[in-house]
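Asks: I'd like to ask you about the structure that follows.
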Amino acid sequence: MSVKRRDFLKKFSLGAATLSTVLARPSVVNAQSKAQKFNLKLTTTWPPKTAILQEAAERFSKMVRVASGGRLRIKVFAGGELIPALGAFDAVSQGNIQMGVGSPYYWAGKVPAAQFFGSMPFGMNAQQFNAWMISGGGQQLWEEIYKPFNLVPFQFGNTGVQTGGWFKKEIKSAADLKGLKIRAPGLGGKVLAKAGANVVLLPGSEVYTSLERGAVDAAEWIGPYHDEKLGLHRAAKFCYYPGWQEPSSNLELTINSKAWGSLPKDLQAIVKAAAADCSNWTLSRSEAENGAALSRLRTKHKVIVQKFPTEVLKILKGHRDSVISELVKADPLSAKVEKAYRNFSEEVQKWSEISEESYSQTR
Ligand code: CA
């Protein structure tokens, strides 16, 4: 080969290599980020095998894995398996684990304003709450209050309106609530305490035994399906409605902000879409199972399913107002969120009155 030809080839190949590097750079980068795999861990706050709630976390993990072609894998743990159930907030906040699933009201002691994103006694129902979150500014406020804790929150389901609780004795008037030992968490518990009840906080695992043995006189849990699974109908014969204490229990997925920021945009979009899907799935599954379970409670288990007396509900609602006004006075962030929640709630409720509620009464 002549020197000239060798030089030419050398120059050409160099030039070609440079050219190809320049042309291919975006796709090389793209291919590199697509080849990068992410392995994250998620802890829930639910006991292992909790129907619907723990299933939703497993479903989320599977959806993300399939949609990302295996680039993002999320290993799911139940409450207590890796992190104590109520340690999820701190563990995700500190980055000891990347994701957590639970209820915002569990963190009332750390972030009082989080309670507005869990459940508000006599507050919005799931449809109204979702409207506030998705289209009424609720999500942005939620992100704002979790930001100082390095948490990025997503909606992760809703129980819908819950049952009002299981009582061993009939509630005929507000006087029957005085001294009543009842398991009731969150703001609903505070409202009952104002009504004179002796409110006890018990984890889900202890609710049935405590009611069955008479350590408590009453207990609220979730809805017909979960209540039946826990066996509450074997421990008390009165099941009251409506679940004024939790008319819409919004559940959350929180992601450590550093872990979230490390994900490429397409994986973030997959996580977002999967969380939204699981959120809808949880509410829909609950609705479907609650219908069937209510029917079993009434016919098979001979439970007395009845409504709280109107007078009792009215008194409880009054106590709710006092609980909220105390919360708002003590915490400026709660005041800000409460104002936004109330404004949206009052307006959307006017519409619901002539839409859902009116229709429901006529069908
Ligand atoms: Ca409940």
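The values are calculated or read from the model by the stated rules, or taken from the named source; none is laboratory data. Small disclaimer: the values here were computed from a predicted structure and weren't measured. No Cβ is skipped: glycine too gets one built from the backbone with ideal geometry, and neighbour counts run over all protein chains shown. In case anyone asks, the SASA skips ligands and DNA or RNA and just uses the protein heavy atoms, side chains included. Shrake-Rupley method; radii C 1.70, N 1.55, O 1.52, S 1.80 Å.
Asks: Quick check for me: using +1 on Lys/Arg Cβ and -1 on Asp/Glu Cβ, what's the dipole size of segment 139-262 about its Cα centre, in debye to the nearest 20?
Replies: Result for segment 139-262 is approximately 400 debye, rounded to the nearest 20.
Asks: For the Cα atoms of the chain, what angle does the longest principal axis make with the long axis of helix 310-330, in degrees from 0 to 90, nearest 10?
Replies: It is inclined by approximately 50 degrees.
Asks: Could you sort 60-69, 275-284 so that the peptide with the highest average Cβ count within 10 Å comes first and the rest follow in order?
Replies: 275-284, 60-69
Asks: Counting only protein heavy atoms and a 1.4 Å probe, tell me what percentage of the chain's accessible area is made up of carbon and sulfur.
Replies: 55
Asks: On to the next question. How far is helix 126-135 tilted off the main Cα axis of the chain, in degrees rounded to 10, range 0 to 90?
Replies: 40
Asks: May I ask what percent, to the nearest 5, of DSSP beta bridges between residues of segment 119-243 are antiparallel?
Replies: That works out to approximately 55 percent antiparallel.
Asks: Project the alpha carbons of segment 277-363 onto their principal axes and report the range along each, largest first, in whole Å.
Replies: Projected onto its principal axes, the Cα set of segment 277-363 covers 49, 35, 29 Å.
Asks: I've got another one for you. Where nothing but the Cβ of Lys and Arg (+1) and of Asp and Glu (-1) is charged, how large is the charge dipole of the chain around its Cα centre, in debye to the nearest 20?
Replies: Here the size comes out at about 1560 debye.
Asks: Something else about it: Viscosity 1.306 mPa s, temperature 10 °C: Stokes-Einstein D of segment 209-315 from its Kirkwood Cα radius, in µm² per second?
Replies: 95
Asks: What distance in nm separates the simple spin-label points at Ser295 and Glu58, each placed 7 Å from Cα in the Cβ direction?
Replies: 2.5
Asks: Determine, for each peptide in 129-142, 345-358, 312-325, the mean count of other beta carbons within 10 angstrom over its residues, then list the peptides with the highest first.
Replies: Answer by packing, highest mean first, reads 129-142, 312-325, 345-358.
Asks: What is the sum of charges, Lys and Arg at +1 and Asp and Glu at -1, for the other residues whose Cβ falls under 11 Å from the Cβ of Val92?
Replies: That sum, taken over residues with Cβ under 11 Å, equals 0.
Asks: Roughly how many Å² is the accessible area per residue of the chain, as a whole number, for a 1.4 Å probe?
Replies: I get 50 Å² per residue for this part.
Asks: Further question on the same structure: What angle, in degrees between 0 and 90 and rounded to the nearest 10, separates the Cα long axis of helix 204-213 from the longest principal axis of the Cα atoms of the chain?
Replies: So the helix axis and the longest Cα principal axis differ by about 20 degrees.
Asks: Let me have the relative contact order for the chain, percent, based on Cα pairs under 8 Å that are six or more residues apart.
Replies: 21
Asks: On to the next question. Report the one residue of Ala51, Gly70, Ile145 whose Cα lies farthest in the direction of the positive end of the charge dipole of segment 43-160 (charges on C-beta: Lys and Arg +1, Asp and Glu -1; origin at the Cα centre).
Replies: Gly70
Asks: Taking the C-alpha atoms of the chain, how large are the radius of gyration and the largest Cα-Cα span, Dmax, in Å?
Replies: 25.7, 108
Asks: While we're looking at this one, here's another question. What whole-number value in cubic angstrom gives the convex hull volume per residue for the C-alpha atoms of segment 32-173?
Replies: Given the Cα convex hull of segment 32-173, per-residue volume reads 156 Å³.
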